[in-house]
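Written out below as structure tokens is the structure these notes cover.
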Amino acid sequence: YYAPVIQNTLKVIEQNASGKRLYSVLIILTDGTNNDMNDTLAALIKASEKPISIIFIGIGNTDSWEGLKIFNGYVRDPFRKEQAKRLFTKFIHFDDRNSDEHDLKLVKDVLEGLPAQIKLYYEWGVFS
């Protein structure tokens, strides 16, 4: 269940916003199971207007990763026919291979794209 985590994070962001230029990064570690895709998509579309990036990290090996790849790019909710206002989500698959090179790739994958997402958010006057 991702939606409650996203919704609670948005509440914290709204409580702490009060004129401050803060930006948050939410990292969700997952085994690939998502039992609330409709609610998750709705929460993500709402989050696209807030100062946040959300990174989903898939842990282990499973067949569930295909369904989470929709979090790469513009999130779309086909049920409500809505789309996120900007790029701010990412899905990364991390398996349990243990090596320094593998760990560095995870760090690079997590951080890659964040500066552009933050810059884009604050360039949009409507969200500042």
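General observations
- Neighbours of residue 79, meaning other residues whose beta-carbon lies under 13 angstrom from its beta-carbon, give a summed charge of -1 when Lys and Arg score +1 and Asp and Glu score -1.
- Within the straight-line cut-off of under 29 Å between alpha carbons, the lysines reachable from residue 105 are 50, 69, 85, 90, 119, sequence neighbours fewer than 8 places apart in one chain being disregarded.
- The amide H of residue 91, built 1.01 Å from its N in the peptide plane, has 56, 72 as neighbours under 5 Å, considering only residues 5 or more places off or on other chains.
- Normalised alpha carbon radius of gyration of the chain [divisor 2.2 N^0.38 Å]: 1.07
- Distance between the modelled labels on residue 101 and residue 81, one decimal in nanometres: 5.0 nm (7 Å Cα→Cβ projection).
- Net charge, residue 4 excluded, C-beta distance under 11 Å - Lys, Arg +1, Asp, Glu -1: -1
- Net charge over other residues, Cβ less than 14 angstrom from the Cβ of residue 113 (K, R count +1; D, E count -1): +2
- Percent RCO, i.e. relative contact order, over the chain, from Cα pairs under 8 Å lying at least 6 residues apart: 25
- Solvent exposure of the chain, expressed per residue, is 60 Å² of accessible area, with all protein chains present and a 1.4 angstrom probe.
The values are calculated or read from the model by the stated rules, or taken from the named source; none is laboratory data. Keep in mind that this is a model prediction, so the values were computed, not measured. Using ideal geometry, Cβ is built from the backbone for each residue, glycine included, and neighbour counts are taken over all protein chains shown. Surface areas here come from the heavy atoms of the whole protein model, side chains and all, with no ligands, DNA or RNA. Shrake-Rupley method; radii C 1.70, N 1.55, O 1.52, S 1.80 Å.
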